[in-house]
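Colleague: Dropping the structure in here first, questions after.
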Amino acid sequence: MNRAVRSLPPAYFEALYARDADPWRFADSTYERAKYDATLAALLRPRYGRVFEVGCSIGVLTRDLAARCDALLAVDAAETALSAAQARCTELPQVTFQRMQVPQDWPEQAAPFDLILLSEVVYYLDEADVVRLAARVGASLAPGGEVLLVHWTGETDYPLSGDAAVGHFIRAAAPFAQAAGQERTECYRLDLLRVGLEDGSG
């Protein structure tokens, strides 16, 4: 299988949604539902102040996450997906949507985030962009803040495998965050990092 060499552009995802409004079956897959439940269960706090979800897609996990936070910024590179996510979360005033291609795009006036969620997104980036993403995350987390990564570990044609993507991110994030929880299933891995564990702060 030939891997993409560079980070996947927004056009890649727009083409997917043009062919299928829910290309990964987020809304009705038993696997996705179980993974979302595990994602929420991995979070250290029952509630968060400010949360940033990168790669919200059509907003299925966004709805669940919104119940755990005061303010949620959800972004995606594909306008089609964002429109679906907004429709799904229309009655949730704490959720704000923006179109962004990270790490090039980033919230301009964001207060520090208590949680940044990177679910099924880091392996769409090449190694250089993963390092840039980690730097962005590190500059945007509040003391004691968390970053949660969830990634499929099977074969893909993305720039990186799930294991490689997470490994690059964890190494790049080592100066500011340490592992606070890890889980691996037959199909995906879940890695939770937290700011300030090493020195006991937060």
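None of the figures in this text is laboratory data; all of them are computed from the coordinates on show. As the structure is a prediction and not an experimental result, all values here were calculated from the model. Cβ placement follows ideal geometry from the backbone for every residue including glycine, while neighbour counts extend to all protein chains displayed.
Colleague: Restricting to region 135-155, and then to whatever is hydrophobic (A, V, I, L, M, F, W, C) and out of contact with any strand residue (DSSP E or B) (no Cβ under 9 Å at 6 or more places or on another chain), can you tell me which residue is nearest to residue 182 (Cα to Cα)? Don't jump to the end; show me each part of the working.
Modeller: From region 135-155, those hydrophobic (A, V, I, L, M, F, W, C) are 135, 137, 139, 141-142, 147-150, 152; that's our starting set.
This time we only want the ones that are out of contact with any strand residue (DSSP E or B) (no Cβ under 9 Å at 6 or more places or on another chain), so: 135, 139.
On the way: 135: 21, 139: 23 Å.
The qualifying residue nearest to residue 182 (Cα to Cα) is 135.
Colleague: Mind listing just one residue for me: the one in region 73-121 that is surrounded by fewer than 22 Cβ atoms within 10 Å (Cβ to Cβ) and in contact with a Pro (Cβ under 7 Å, 6 or more places away or on another chain) and, of those, farthest from residue 192 (Cα to Cα)?
Modeller: 101
Colleague: How many residues does region 139-160 contain that are farther than 21 Å from residue 65 by Cα and touching a residue at least 24 places away in the same chain (Cβ under 8 Å)? Reasoning before the result, please.
Modeller: Within region 139-160, the first condition is being farther than 21 Å from residue 65 by Cα, and the residues that meet it are 139, 153-160.
Imposing the further condition that a residue be touching a residue at least 24 places away in the same chain (Cβ under 8 Å) reduces the set to 153-160.
So the count comes out to 8.
Colleague: What tally of residues in region 99-115 results from selecting those that are part of a strand (DSSP E or B) and either closer than 20 Å to residue 26 by Cα or acidic (Asp, Glu) (or both)?
Modeller: Here is the first cut: in region 99-115, the ones part of a strand (DSSP E or B) are 99, 113-115.
With the extra rule that they be either closer than 20 Å to residue 26 by Cα or acidic (Asp, Glu) (or both), the set shrinks to 99, 114.
Number satisfying all stated conditions: 2.
Colleague: Further question on the same structure: Within region 135-145, can you find the residues that are buried (at least 23 other Cβ atoms within 10 Å of the Cβ) and either part of a loop (DSSP other than H, G, I, E, B) or over 12 Å from the mean Cα position of the chain (by Cα) (or both)?
Modeller: Kept after step one, since they are buried (at least 23 other Cβ atoms within 10 Å of the Cβ), are these residues of region 135-145: 137, 141, 145.
141, 145, listed by residue number.
Colleague: With surrounded by fewer than 18 Cβ atoms within 10 Å (Cβ to Cβ) and either under 13 Å from the mean Cα position of the chain (by Cα) or of a type in the set (D, E, K, R) (or both) as the only criterion, which of 171, 194 stands out?
Modeller: On the way: 194 fails: surrounded by fewer than 18 Cβ atoms within 10 Å (Cβ to Cβ).
Result: 171 is the single residue among 171, 194 that is surrounded by fewer than 18 Cβ atoms within 10 Å (Cβ to Cβ) and either under 13 Å from the mean Cα position of the chain (by Cα) or of a type in the set (D, E, K, R) (or both).
Colleague: Identify the single condition in (1) surrounded by fewer than 17 Cβ atoms within 10 Å (Cβ to Cβ); (2) within 21 Å of residue 6 (Cβ to Cβ); (3) within 15 Å of the chain's Cα centre (by Cα) that residue 165 does not satisfy, given that it satisfies every other one.
Modeller: (1)
Colleague: Applying the selection to region 102-130, what residues are within 22 Å of residue 61 (Cβ to Cβ), without any contact (Cβ under 8 Å) to a residue 60 or more places away in the chain and out of contact with any Gly (no Cβ under 9 Å at 6 or more places or on another chain)?
Modeller: 103, 105, 106, 107, 130
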